[in-house]
Ligand code: WT7
């Protein structure tokens, strides 16, 4: 069999569980009300009513579909793909793949030769199916009361106008467009307009600094940059256009002049008179886009043509341009969305992620719209004007599916239940979590307090690279265990390997790899296929290496345990230690820096930086602040170190390699676990570091 036999066995044994769970759903109350007797009992069952109405309502049904998906991927995925509109069908093969570097170049292709358009499927198809009057987007502004909405028919018109404008200014199929926008409706509109004409969008999260934005612009050389003048987040206005201005100056210096900066006037945050302007380069969106026709022919693209680039952090200082293609990504995001959230046409769906990250690409824009869903897009901050804002929004729009990150759950949990219970939340039926492992206590609070102990939680494990969910509950299918992402999605074959790359079976922990390709997989790192192979396919030949540690329990449930590489996960944002280090050492008074992740109560992980100063420079509070500022300026506020630890020296091996293992122990104050320090070039640095930790 193609499948990881181990997983199949586990799933098979699961089918011995009572299905539908009606007769055991009372366990919920018992289990959740009391301390847990053992892990065996630590399960939360979907209610009988939920399971009965679910798309997948029993372990047996999952098992059948899963088995088919791995034994006959071509048949399984082509049946699903047939529900989309294809201008032309794929060639005889549904997919081809080489995942094994030892056998040649790594290459995945799905639906090759087929022609389609994801914008057409996400927007036009819904209008043509008679749902033009259905709300596609509810937009909720930063200020309560500032809101708007677009039906599918209206969305189509807006997308077409921008697509026509982009064509008018010379953007063609295959050209890159950089988008630096906050969560306005214009953000998904812009993504869809690019997709419509076959342009490759690269959204840069509008919390990244000018330097980070410039770095991305220099890498992908866009014809146009699309932004807005400013945005209000909470009570603060952020002048995005000024950040873009600096980035564009920087990119000119690097030989990448961008001729056009299309700027949306976000009136609630800033008037156009107050916006700095570069004549000849800058154009107001409102002055040009509405003049273009509301119909625009679709550019049919090959399923394997690029759809977007999204930069993400790796273990070197240079961000990686993750490239996704049109066809497989379309099929995969739509299908994962539908099953993992048990989507029904009557649902109102809200994902709190920003479109600047992959979650916003796959599960604010594409996945939901491909299903004809009504999506809430929220511009503001979840604690403004107070910590009840999310539940206010849930009640206002009657949100049924609420998808968020553990860091938000933990921060709201700390504010107390009163902010939650003040609101009804009775529309909710499915909750979702993403970005990092969710700790069981946050899981329980989310389940019991937010969801009133009736809404299953889909804890979705996936990555920028995977395009869509890889390991995720199907909420009506089986009992959940708080903190476990449960089982693989259809077609996904996870394996756990040891240091040497041998698959380990049964109850175990190790490195999480994936055995075969799946439609939503990224196809390359933009301009660097070698780095793609080296990072993801060489560590364990024959597999895609995720960078995550993972364990599997005796029931076959997967438990993600966090990154095993030099990547830190801060509030679900991926930050490379090397990026922070290179920002720190660019400070003239910093000689050397080493960054590690430490546990953080709210953010999951915090950034802990050991800094060695240039000879003779004294430690000072002012210097500490300026070091933090340089990271904010070079990467973005979300990457600011939580702690600067002065380091007269760093623990290094005789060959000069920094021993991060020791630094991690010092940072987390596990001094009795420092291990062997005798191989260090200078073992005394460890004592010096311990002495300086509270300095
Ligand atoms: C890394 C990917 C794709 C979602 C947003 C983050 C961690 C993500 C979970 C989860 C445990 C998770 C992993 C992964 N992660 N979701 N449900 N449980 N860990 O995307 O920036 O590409 O980061 O986020 O460590 O490798 P990303």
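Annotations
- Computed log10 I(q)/I(0) for the chain at 0.05, 0.11 Å⁻¹: -0.23, -1.22, from the Debye equation with unit scatterers placed on every C-alpha and solvent omitted.
- Peptide packing: for 371-378, 686-693, 152-159, the average count of neighbouring Cβ atoms within 10 Å per residue gives the ranking 371-378, 152-159, 686-693, highest mean first.
- For segment 64-167, the alpha carbon positions stretch 57, 39, 30 Å along the principal axes, listed from largest to smallest.
- 222 nm mean residue ellipticity, helices alone, for the chain (DSSP H n ≥ 4; -39,500 (n - 2.57); rounded to 500): -8000 deg cm²/dmol
- Peptides 544-551, 423-430 ranked from most to least packed by the mean count of surrounding Cβ atoms within 10 Å: 544-551, 423-430.
- Rounded to 5, the percent of DSSP beta bridges in the chain classed as antiparallel: 60 percent
- The chain, relative contact order [Cα under 8 Å, separation at least 6], %: 13 percent
- Calculated diffusion of segment 151-287, Stokes-Einstein form, Kirkwood radius summed over Cα pairs, 4 °C and 1.567 mPa s, µm²/s: 87 µm²/s
- Kirkwood Rh and Cα Rg combined as Rg/Rh, segment 485-558: 0.99
- Over segment 432-586: Rg over Rh, Cα atoms, Kirkwood Rh: 0.99
- Of the two radii for segment 206-311, the radius of gyration is 1.00 times the Kirkwood radius, both from the alpha carbons; that is the Rg over Rh value.
- Sorting the segments 301-314, 56-69 by their residues' average number of neighbouring beta-carbon atoms within 10 angstrom, most packed first, yields 301-314, 56-69.
- Segment 592-695: relative contact order in percent, alpha carbon pairs under 8 Å with at least 6 residues between: 27 percent
Values quoted throughout were computed directly from the atomic coordinates according to the rules given, and no laboratory measurement underlies them. Please read all numbers here as calculations on a predicted model, not as lab measurements. When we count neighbours, we look across all protein chains shown, and the Cβ atoms used for this are built from the backbone with ideal geometry, even at glycine.
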